[in-house]
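Below is one structure, written out as structure tokens; comments come after it.
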Amino acid sequence: QENLMGQPNHPMVFNLLKEAVVREKGGYVHPDLGLLAPAPSGASRGLGFVRFGYTECQTRCFPGTRDEKLEILNTNRTKATTGDDPIYKQEDVLLKIPLSYQMTRSVALETLRRVVPAETLNKHPLAELDDAALLVLFLAHERTLSRASRWLPYIASLPTEPSCGYLESRRPHMLDAIQALKREISMDVAGWPQELAKAGQYAQKIVNGLARDYGGAFREGVAVKETLSWALCQVASRATAGSNKHGSLRLVPMLDLINHDANAGSFVELTGKERLARSDFMDATEDDSGTFTVRSVRFARRRPLKKGQELMANYNVPGYSPLDWLVSLGFVPPERWYPWQKIDPALPRVRRDGPFAAEPSKATAQWLKRTRRGKEETS
């Protein structure tokens, strides 16, 4: 397995990661999924269908969509036993990554408290770190453990040189990308090189602080700052937002192999209360709470995949500016290539005067009272 470190695109690396996911309770990876390198989307790699054998069998044997599954449940049938012609649609859920195989704040705290010296914990409590810094420290620590880490399959799948703009080694590539954006699509990149340098300096401060405070948690001979810088870029470019219940920021194996498409569906975190009978796409249990699922969706409709086609997802970060995309993820998506313009609503604004006025808040009422009093005194 150690020979595969540094070869994240190797098929065996994906198979190890897939095995790690499906061994967890509730974990699922569609059997036809695999690595596409290079990816049809233009990325160096992506996740998609590398075969079609399972789907051919499934569409002849058992249901794949909500409506089909609900019909089976309502009619008490088990499965179809017809000939070779497909009678069902492709399986809807392609990935299920359970909470037990996600890097979360609680997992990081539990692990790091066992390895960070007690004296360090007293001076620098881990609980004071935000989710991002804690994940950086946790990922860096697990990388140094190599085969002793249960996260080895995931770490082996991560790129040896992340694509974010925080790394000093990536600076020339980022500057070239900025010039290409200006030259090829006339993007306004004024001030971007300076902002990129500031982002790198800020990231280095974070790395220096973590190395200073928690460097004792790493074994001798480890390049602590280099490992932390690598982990910081991985978290910046791959972390997924989740519910506060299980961690607002997480590293979710397998999901971060999926490339971005603004027209695709988003990652869906299960609450454990989903039911087919309530128009949800699957039946879930309490044990599924925190699980992330992925379906092939485009323009809000199912998009069945064929061999060679890529599974895409919307990263759903509408607040990111083009520069944010470049610095954090290493690219600018097409929907951020051109300036956006606010469009006034077609319908008239809702009236807020007279009887349509909203009830003022307590603070607003006090402010109005003081204002009126001041006017009366001056008059």
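The values are calculated or read from the model by the stated rules, or taken from the named source; none is laboratory data. Source: prediction; values computed, not measured. Neighbour counts run over all protein chains shown; Cβ positions are idealised from the backbone, glycine included. Ligands, DNA and RNA are excluded from the accessible area calculation, which covers all protein heavy atoms including side chains. Shrake-Rupley method; radii C 1.70, N 1.55, O 1.52, S 1.80 Å.
Key figures
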{"quantity": "Scope the stretch 145-163; condition open to solvent by 20 Å² or more (accessible area, probe 1.4 Å) and either in contact with an Asp or Glu (Cβ under 9 Å, 6 or more places away or on another chain) or under 20 Å from Leu109 (Cα atoms) (or both); matching residues", "calculated": "Leu145, Ser146, Arg147, Ala148, Arg150, Pro153"}
{"quantity": "Flag if Lys225 is within 25 Å of the chain's Cα centre (by Cα) and either exposed (fewer than 14 other Cβ atoms within 10 Å of the Cβ) or β-branched (Val, Ile, Thr) (or both)", "calculated": "no"}
{"quantity": "Qualifying residue in the stretch 136-144 (condition: open to solvent by 60 Å² or more (accessible area, probe 1.4 Å) and either under 22 Å from Tyr214 (Cα atoms) or at pLDDT 95 or above (or both))", "calculated": "yes"}
{"quantity": "Pair list, Cβ < 6 Å and 6+ apart or interchain, from the stretch 3-31 residues that are over 21 Å from Glu56 (Cβ atoms) and of a type in the set (Asp, Glu) to residues that are assigned to a helix (DSSP H, G or I) and open to solvent by less than 40 Å² (accessible area, probe 1.4 Å)", "calculated": "Glu24/Tyr101"}
{"quantity": "Residue within the stretch 312-334 that is under 17 Å from the mean Cα position of the chain (by Cα), open to solvent by 30 Å² or more (accessible area, probe 1.4 Å), farther than 23 Å from Cys233 by Cβ and touching a residue at least 24 places away in the same chain (Cβ under 8 Å) present", "calculated": "no"}
{"quantity": "In the stretch 17-69, residue farthest from Val252 (Cα to Cα) [restricted to those that are part of a loop (DSSP other than H, G, I, E, B) and among the acidic types (Asp, Glu)]", "calculated": "Asp32"}
{"quantity": "Candidates Ser379, Ser361, filtered to the one that is open to solvent by 70 Å² or more (accessible area, probe 1.4 Å) and either modelled with pLDDT under 95 or under 22 Å from Gly242 (Cα atoms) (or both)", "calculated": "Ser379"}
{"quantity": "Every residue from the stretch 284-309 that is touching a residue at least 60 places away in the same chain (Cβ under 8 Å) and either of a type in the set (Phe, Trp, Tyr) or within 20 Å of Gln58 (Cβ to Cβ) (or both)", "calculated": "Phe292, Thr293, Val294, Arg295, Ser296, Arg302, Pro304, Leu305, Lys306, Lys307, Gly308, Gln309"}
{"quantity": "Restricting the stretch 71-88 to residues that are among the acidic types (Asp, Glu) and in a loop (DSSP other than H, G, I, E, B), the residue that is modelled with the lowest pLDDT", "calculated": "Asp84"}
{"quantity": "Exclusive hit being touching a Phe, Trp or Tyr at 6+ places or on another chain (Cβ under 8 Å), at pLDDT below 95, among the acidic types (Asp, Glu) and surrounded by 11 or more Cβ atoms within 10 Å (Cβ to Cβ), set Glu56, Glu91, Glu68", "calculated": "Glu68"}
{"quantity": "Pick from the stretch 1-16, criterion farther than 30 Å from Ala284 by Cα and part of a helix (DSSP H, G or I), ranking: least open to solvent (accessible area, probe 1.4 Å)", "calculated": "Leu4"}
{"quantity": "Hits in the stretch 292-311 (condition: open to solvent by less than 30 Å² (accessible area, probe 1.4 Å), within 24 Å of Pro38 (Cβ to Cβ) and of a type outside the set (Val, Ile, Thr))", "calculated": "Ser296, Leu305, Glu310, Leu311"}
{"quantity": "Gly26 being surrounded by fewer than 18 Cβ atoms within 10 Å (Cβ to Cβ) and over 19 Å from Glu310 (Cβ atoms)", "calculated": "no"}
{"quantity": "Asn208 farther than 30 Å from Asn15 by Cα, of a type outside the set (Lys, Arg), part of a loop (DSSP other than H, G, I, E, B) and open to solvent by 50 Å² or more (accessible area, probe 1.4 Å)", "calculated": "no"}
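Residue by residue, here is whether (1) touching a His at 6+ places or on another chain (Cβ under 7 Å); (2) of a type outside the set (Asp, Glu); (3) closer than 27 Å to Leu33 by Cα; (4) open to solvent by 30 Å² or more (accessible area, probe 1.4 Å) holds:
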site: Pro193; (1), (2), (3), (4): no, yes, no, yes
site: Leu196; (1), (2), (3), (4): no, yes, no, no
site: Arg219; (1), (2), (3), (4): no, yes, no, yes
site: Leu232; (1), (2), (3), (4): no, yes, no, no
site: Leu255; (1), (2), (3), (4): no, yes, yes, no
site: Ile258; (1), (2), (3), (4): no, yes, yes, no
